[in-house]
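Report on the structure given below.
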Amino acid sequence: MRVLLAPMQGVVDHAMRELLTGLGGYDRCVTEFVRVTDHRFPERVFQRYSPELNQGGRTIAGTPVFIQLLGSDPKWMAVNAVEAAKLGAPGIDLNFGCPAKTVNRSDGGSVLLQEPKRVASIVAAVRNEVDESIPVTAKIRLGYKDSSLLQDIVAGIVEAGATELCIHARTRDDGYKPPAHWSHIKRVLGIAHIPVIANGEIWNTNDAQQAQAESGCQDVMLGRGALACPDLGRQIKSQFNNSKTEVLAWMQILDSVEAFFDQSDQWSPRYVGNRTKQWLAYLKRQYEGADILFHKVKGLTKVGQIKEAIQLHREVQNKREVIECA
Ligand SMILES: Cc1cc2nc3c(=O)[nH]c(=O)nc-3n(C[C@H](O)[C@H](O)[C@H](O)COP(=O)(O)O)c2cc1C
């Protein structure tokens, strides 16, 4: 089985990909989406989304990072895909799942799922222009309002020559509401003669097993679960291989939280700490310590204040450990 790390705009950036793939278990990452309209982006834009281009399109752990494009104009999608591939992206992923109103209003993301032929024409245009050695993958939801067009969408994507397909097992109207309907994926596996990856609502190793069983897919993609539980990829792999792995304790993750803040989250004065707070909001599902720290930092907006809060939290937690061990 393969475990993929989901693209997540605003939180799964270069620093997060390095961190999570460094813990192990992940076979592929995808960048935050590059919004394509009617021009070719200069090299620096692709470098910004994927600094990994400077290291062969892989994280330091060696995990390939596909560049994700979102848009509706086949020509400009293809032009930008060719550019990304030329710069060394090991694969191109096409986003047809974004539910955001602003994106959908400008004819991008999941709104296209209402028109399977347009989805197919975008995939075909990109596939025809990008060197055949570079995979072109698509990421979809089950549909826009419902899943009645899923067969047509999948058939079109396969016919257009996509290398793989990831299905987030919810419609656009489902948003992120549980459950994810993994069994709906199984209904289209018969017409998808390419690997299909199941995504949605996988928070632990049991969910991963259940998603595999219900969807019929070997491979899974983890989004919020990977943020809530940074070593989930490794845990899923070791369960699958019947091997043992150490489960990370909060104090081990705290160092990564601080490293993420240092690398990723201090550079735009208006948004200092936003990415770290978002990550803590997921981590607190799993770790009491993350909940405590989240409430300490959530109102803070200055680098020094946040660094101080993390340091103080570390001291308190260390003392607590000493007392508990005494
Ligand atoms: C904050 C956030 C940002 C996301 N950004 C992207 C994105 O840039 N591209 C994309 O294809 N999907 C994006 N997604 C969707 C995820 O990749 C994934 O499909 C979804 O979260 C379902 O998986 P999960 O239940 O494991 O989180 C985003 C989801 C969230 C919550």
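Key figures
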item: The stretch 34-142: relative contact order as a whole-number percent, Cα under 8 Å and 6+ apart; result: 28 percent
item: Carbon/sulfur fraction of accessible area - the stretch 250-325, other protein chains in place, 1.4 Å, %; result: 53 percent
item: Cut-off 14 Å between beta-carbons: net charge of the residues surrounding Glu32, Lys and Arg +1, Asp and Glu -1; result: +2
item: Within-12-Å neighbourhood charge of Ala61 [Cβ basis; K, R +1; D, E -1]; result: +1
item: Percent accessible area from carbon and sulfur atoms, the stretch 96-189, protein chains only, probe 1.4 Å; result: 51 percent
item: 0 to 90° range, to nearest 10: angle between helix 205-215 axis and the chain longest Cα axis; result: 10 degrees
item: Where N is the number of residues in the stretch 111-224, Cα Rg divided by 2.2 N^0.38 Å; result: 1.02
item: Within the chain, percent of DSSP bridges classed antiparallel, to nearest 5; result: 5 percent
item: J(HN,Hα) series, the stretch 81-90, from Karplus relation 6.51 cos²θ - 1.76 cosθ + 1.60, nearest Hz, glycine and proline x; result: 5, 4, 4, 4, 5, 4, 7, x, 4, x
item: Ser268 paired with Glu132, simple spin-label distance in nm, labels 7 Å along Cα-to-beta-carbon; result: 4.1 nm
item: Separation of alpha-carbon centers, the stretch 255-292 and the stretch 205-247, rounded to whole Å; result: 23 Å
item: Simple Cβ-charge dipole of the chain, Lys/Arg +1 and Asp/Glu -1, about Cα centre, in debye nearest 20; result: 620 debye
item: FRET efficiency estimate (nearest 0.05) - Cβ-Cβ, Ala249 to Asp107, R0 41 angstrom; result: 0.30
item: Accessible area in square angstrom per residue, the stretch 3-240, 1.4 angstrom probe; result: 37 Å²
item: Cα gyration tensor category, rounded, prolate or oblate, for the stretch 3-240 with a/c compared to 1.5; result: oblate
item: Size of electric dipole in the stretch 250-325: Cβ of Lys, Arg +1 and of Asp, Glu -1, about Cα centre, debye, nearest 20; result: 360 debye
item: Radius ratio Rg over Rh of the stretch 250-325, counting only Cα atoms, Kirkwood formula for Rh; result: 0.97
item: GNM top mover of Ile292, Ile153, Ile197 - the chain, alpha-carbon springs below 10 Å; result: Ile292
item: Over the stretch 110-170, relative contact order from alpha-carbon pairs under 8 Å, at least 6 apart, %; result: 47 percent
item: Simple Cβ-charge dipole of the stretch 164-230, Lys/Arg +1 and Asp/Glu -1, about Cα centre, in debye nearest 20; result: 120 debye
item: Two-site FRET efficiency, Gln311 against Arg48, from Cβ-Cβ distance with R₀ of 41 Å, rounded to 0.05; result: 0.85
item: Whole-number percent relative contact order across the stretch 176-304, with pairs defined as alpha carbons under 8 Å at least 6 apart; result: 18 percent
item: For the stretch 4-58 and the stretch 118-194, distance of Cα centres in Å; result: 21 Å
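The values are calculated or read from the model by the stated rules, or taken from the named source; none is laboratory data. What you are looking at is a predicted structure, and each value in this text was computed from that prediction instead of being measured. As a convention, Cβ positions derive from the backbone with ideal geometry for all residues, glycine included, and neighbour counts pool all protein chains shown. Protein only, heavy atoms only, side chains kept; ligands, DNA and RNA dropped before computing areas. Shrake-Rupley method; radii C 1.70, N 1.55, O 1.52, S 1.80 Å.
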